[in-house]
Amino acid sequence: MEDGSRLFAEDLLPELYPEPAAVAPETASAEPGTEPADEEPPLVLPNYHGGILRSPDDVALRAMTGLFAIALGGACFFFCLFLWMHAGHSVLTRPFLGEVRKRSSLFWEMHIFLYGVFFFTMWFTLENPLLAYRLKLYIEMAFSQGGVGHVGAAYDSGSIARAAWMTFYNNYIEQTLLLTFLISLVPIPLGLVKNLLSFLLIGGAMAPAWSGSAAMLMLHSITMVLELEAYILACFAITAWPLTLLAGIWSRQFLDSLKRGVLMLLSAMVVTGVLLAVAALYEALTLIHLL
């Protein structure tokens, strides 16, 4: 009691501490003697969504740099693999691999163009967190009740076979055979426009903007290399197709060029199908069992 009385007498109790006076926030746009203008409140991005925080800038940048290195390594690997396979005796793949060898500059130009779009969109999304937030909501909606809801339902079922098949069906039969090869038989490479839009969306969706997404990309990087490589190869084939026909018209060997072009397209369908089948199986295994 004696100590308590002394603390009270000397104003040392917590409730007797003086409180600092409230300070009005400064307004940068207000001038002396004028009232601040009424403005709409700024649009503020939540720093988390569903309990997921945003990734630190340095982590996101390192993840993007790592993806770039993986994409470059994957393109070099497949180019060397195709040159090696062309020396073999594969009847199914030889027409397409021969076109890759013949038009190697077009092969690399297509990679630079589409991967350039992909990584530019990824960087732009990282620089605009609100866009990343809205893309995240859009992807979640698309896989739950949107156009690819059947793919999301397959993964929710926990069946690897079903998930792999639905992924392969969407990526190969719908996106590659129908919306890339078939619409480009005109022969105008309309599928190139479709894949350009796809790379814009995928680049934004894969931006490591949220905490934990950079680690997720370690698994998805293999899927990315396989799937995006297949789409790039399909774009290469539908671009080489009209070039082959034009060369036949110019050299007055149209029928031979037509036959060679058709075989090249069929061969490209086989190569892209194999890549997307492996990618679908890998994606189903990792998403269901490892995540």
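The values are calculated or read from the model by the stated rules, or taken from the named source; none is laboratory data. This is a predicted model, so every value here is computed, not measured. Cβ coordinates were reconstructed from backbone atoms using ideal geometry, including for glycine residues, and neighbour counts include every protein chain displayed.
Take the residues of region 158-174 that are in contact with a helix residue (DSSP H, G or I) (Cβ under 7 Å, 6 or more places away or on another chain) and not aliphatic (A, V, I, L, M): which is nearest to His289 (Cα to Cα)?
This residue is Gly158.
Quickly run through region 157-169 and pick out the residues that are in a helix (DSSP H, G or I), surrounded by 14 or more Cβ atoms within 10 Å (Cβ to Cβ) and not aromatic (Phe, Trp, Tyr). Spell out how you get there, then give the answer.
Of all residues in region 157-169, those in a helix (DSSP H, G or I) come to 160-169.
With the extra rule that they be surrounded by 14 or more Cβ atoms within 10 Å (Cβ to Cβ), the set shrinks to 160, 162-169.
Ile160, Arg162, Ala163, Ala164, Met166, Thr167, listed by residue number.
Check whether at least one residue in region 256-271 is β-branched (Val, Ile, Thr), in contact with a helix residue (DSSP H, G or I) (Cβ under 8 Å, 6 or more places away or on another chain) and within 30 Å of Glu140 (Cβ to Cβ), and report yes or no.
Within region 256-271, the first condition is being β-branched (Val, Ile, Thr), and the residues that meet it are 262, 270-271.
Checking which are in contact with a helix residue (DSSP H, G or I) (Cβ under 8 Å, 6 or more places away or on another chain) leaves us with 270-271.
Then drop every residue that is not within 30 Å of Glu140 (Cβ to Cβ), which leaves none.
There is no residue in region 256-271 that is β-branched (Val, Ile, Thr), in contact with a helix residue (DSSP H, G or I) (Cβ under 8 Å, 6 or more places away or on another chain) and within 30 Å of Glu140 (Cβ to Cβ).
Name the single residue that is surrounded by the fewest Cβ atoms within 10 Å (Cβ to Cβ) among those in region 61-93 being small (Gly, Ala, Ser), modelled with pLDDT under 95 and farther than 19 Å from Val270 by Cβ.
First pass over region 61-93, keeping only residues small (Gly, Ala, Ser): 63, 66, 69, 71, 73-75, 87-88, 90.
From what's left, modelled with pLDDT under 95: 63, 66, 87-88, 90.
Still in the running and farther than 19 Å from Val270 by Cβ: 63, 66.
Details: Ala63: 24, Gly66: 15.
Per the criteria, the residue is Gly66.
If you check Ala268, Ala207, which single one turns out to be within 18 Å of Arg103 (Cβ to Cβ), at pLDDT 90 or above and not charged (D, E, K, R)? Even if it seems obvious, please write down each step before you answer.
Working: Ala207 fails: within 18 Å of Arg103 (Cβ to Cβ).
Result: Ala268 is the single residue among Ala268, Ala207 that is within 18 Å of Arg103 (Cβ to Cβ), at pLDDT 90 or above and not charged (D, E, K, R).
Given the conditions (1) surrounded by fewer than 16 Cβ atoms within 10 Å (Cβ to Cβ); (2) acidic (Asp, Glu); (3) at pLDDT 95 or above, report the number of the one that Glu140 does not fulfil.
Here Glu140 meets the rest and fails (3).
List, please: which pairs have Cβ atoms under 6 Å, are six or more places apart or on different chains, and start with a residue in region 249-276 that is outside any helix (DSSP H, G or I) and end with one that is of a type in the set (A, V, I, L, M, F, W, C)?
The qualifying pairs do not exist here.
Of the residues in region 186-221, how many are in contact with a helix residue (DSSP H, G or I) (Cβ under 6 Å, 6 or more places away or on another chain), in a helix (DSSP H, G or I) and among the aliphatic types (A, V, I, L, M)? Spell out how you get there, then give the answer.
Initial filter on region 186-221 (in contact with a helix residue (DSSP H, G or I) (Cβ under 6 Å, 6 or more places away or on another chain)): 187, 189-192, 194-195, 199-200, 203-205, 207-209, 214, 217, 219, 221.
Next, from what is left, pick out any that are in a helix (DSSP H, G or I): 190-192, 194-195, 199-200, 203-205, 214, 217, 219, 221.
The next check asks that each one be among the aliphatic types (A, V, I, L, M); those that pass are 190, 192, 200, 205, 214, 217, 219.
Qualifying residue count, region 186-221: 7.
Out of region 131-171, which residues are hydroxyl-bearing (Ser, Thr, Tyr) and closer than 27 Å to Pro208 by Cβ? So that I can check it myself, show each step before the final result.
Of all residues in region 131-171, those hydroxyl-bearing (Ser, Thr, Tyr) come to 133, 138, 144, 155, 157, 159, 167, 169.
Within region 131-171, Tyr133, Tyr138, Ser144, Tyr155, Thr167 meet the criteria.
If the Cβ limit is 9 Å and pairs must be 6+ apart or interchain, which residue in region 213-230 that is closer than 18 Å to Phe78 by Cβ pairs with which residue that is of a type in the set (Val, Ile, Thr) and buried (at least 18 other Cβ atoms within 10 Å of the Cβ)?
Pairs found: Met224/Ile202; Glu227/Ile202; Leu228/Ile202; Glu229/Thr272; Ala230/Thr176; Ala230/Val271; Ala230/Thr272.
Yes or no, residue by residue, for (1) over 16 Å from the mean Cα position of the chain (by Cα); (2) modelled with pLDDT of 95 or more; (3) over 30 Å from Leu131 (Cα atoms); (4) surrounded by fewer than 16 Cβ atoms within 10 Å (Cβ to Cβ):
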site: Ser213; (1), (2), (3), (4): no, no, no, no
site: Phe236; (1), (2), (3), (4): yes, yes, yes, no
site: Arg252; (1), (2), (3), (4): yes, no, yes, yes
site: Leu276; (1), (2), (3), (4): no, yes, no, no
site: Ala284; (1), (2), (3), (4): yes, no, no, no
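Residues to consider are Leu265, Leu219, Leu201, Leu228; find the one that is under 23 Å from Trp108 (Cβ atoms), within 18 Å of the chain's Cα centre (by Cα) and not charged (D, E, K, R).
Details: Leu265 fails: within 18 Å of the chain's Cα centre (by Cα); Leu219 fails: under 23 Å from Trp108 (Cβ atoms); Leu201 fails: under 23 Å from Trp108 (Cβ atoms).
The conditions single out Leu228.
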